[in-house]
1. Which residues, counting only those in the range 57-86, are open to solvent by 30 Å² or more (accessible area, probe 1.4 Å), at pLDDT below 95 and either of a type in the set (Gly, Ala, Ser) or over 22 Å from Gly122 (Cβ atoms) (or both)?
2. Collect the residues in the range 133-191 that are of a type in the set (Asp, Glu) and open to solvent by 60 Å² or more (accessible area, probe 1.4 Å), keeping them in residue-number order.
3. Can you confirm whether the range 35-57 contains a residue that is over 23 Å from Ala129 (Cα atoms) and in contact (Cβ under 8 Å) with a residue 40 or more places away in the chain?
4. Could you list, in sequence order, the residues of the range 22-45 that are open to solvent by less than 30 Å² (accessible area, probe 1.4 Å) and either of a type in the set (A, V, I, L, M, F, W, C) or not in a helix (DSSP H, G or I) (or both)?
5. Of all residues being more than 20 Å from Ala173 (Cα to Cα) and among the basic types (Lys, Arg) in the range 207-238, which is least open to solvent (accessible area, probe 1.4 Å)? Just the residue, please.
6. Across the range 103-128, which residue is modelled with the lowest pLDDT among those that are farther than 17 Å from Lys77 by Cβ and aliphatic (A, V, I, L, M)?
7. Could you pull out the residue among Val37, Val48 that is out of contact with any Pro (no Cβ under 7 Å at 6 or more places or on another chain) and within 15 Å of Gly127 (Cβ to Cβ)?
Amino acid sequence: DLAARFHTHVARALQLAEAAVAARPRDPQAHYDLGAVVALHASYVATVEGKILGAFRAARRCYDAHERVLELDPSRKDAGLIVGMYRYIISALSLPIRMLAYVAGFGGDKARGVRMIEEAAGYPGEGRADARFALVLIYNREARYDEALGVLTQLQRDYPRNRILWLEAGSTAVRGGRAADAERMLTEGLGRLAADSRPKMFGEEALWHLKRGTARVALNKPAQAAEDLRFTLSREAR
């Protein structure tokens, strides 16, 4: 039932967006809306339905729509999120797959892709939060941990009830070799976890303690680390 509702509403959104582009072919907002709904559909097909090839056509269409936004209005940096993400992803693929992507009309260039996402993260639009979350992933992947922590600090200010931001900040600090900061962030986050009555993901408590235990190992606090790691083993988790 949920899947049927999604497909019903995404089809209606696409119908409205296509009508707007047909009526106003040089309106950047119309092209932005079209790209946004097609991107949502592509993401759903690839992740929920697991149909990577089935999402390819939609991915190309949303890429083209948001490139068109930037052609019509270069100041619309929010359109750079989708274009930049695809550029970054394609740059990380193997050479044969990159060549196929170029033939299909996608662009590469890692540095340019990251720069476009950074500009989208600074643009006061509805995609700013999405761009910042994307930067957290990219900065971690590129071992730019201090920059990832800077973005996470901004997100924590914007979403103070999102305890997972503290988990990710602590995990990022562990990756970056900042064990003392990681222990502090994770301890604060565990307090938020204890006070939060909302549902928890599978194995969440164990994951929090695993991360803090890892930081405490790096800090040479064996007794406290062992306490965290034993807690992890005592819970149902991966």
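The values are calculated or read from the model by the stated rules, or taken from the named source; none is laboratory data. Note that this is a predicted model, so its numbers are computed, not measured. Counting neighbours? That spans all protein chains shown, and the Cβs are built from the backbone with ideal geometry, glycine included. Accessible surface areas use protein heavy atoms only, side chains included; no ligands, DNA or RNA. Shrake-Rupley method; radii C 1.70, N 1.55, O 1.52, S 1.80 Å.
1. Arg57, Arg60, Arg61, Asp64
2. Restricting attention to the range 133-191, the residues satisfying the condition of being of a type in the set (Asp, Glu) are 142, 146-147, 158, 168, 181, 183, 188.
Residues satisfying the conditions are Asp146, Glu147, Asp158, Glu188.
3. Initial filter on the range 35-57 (over 23 Å from Ala129 (Cα atoms)): 49-57.
From what is left, the residues that are in contact (Cβ under 8 Å) with a residue 40 or more places away in the chain are 56.
Checked against the condition, which is being over 23 Å from Ala129 (Cα atoms) and in contact (Cβ under 8 Å) with a residue 40 or more places away in the chain, the range 35-57 yields at least one hit.
4. Residues of the range 22-45 open to solvent by less than 30 Å² (accessible area, probe 1.4 Å): 28, 30-32, 34-35, 37-39, 42, 45.
Within the range 22-45, Ala30, Leu34, Val37, Val38, Ala39, Ala42, Val45 meet the criteria.
5. Looking at the filtered set, the residue picked out is Arg235.
6. Val103
7. Details: Val48 fails: within 15 Å of Gly127 (Cβ to Cβ).
Unique residue meeting the criteria: Val37.
Every residue, every condition in (1) touching a Leu at 6+ places or on another chain (Cβ under 8 Å); (2) part of a helix (DSSP H, G or I), yes or no:
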position: Phe133; (1), (2): yes, yes
position: Thr153; (1), (2): no, yes
position: Arg157; (1), (2): no, yes
position: Trp166; (1), (2): yes, yes
position: Ala182; (1), (2): no, yes
position: Phe202; (1), (2): no, no
position: Gly213; (1), (2): yes, yes
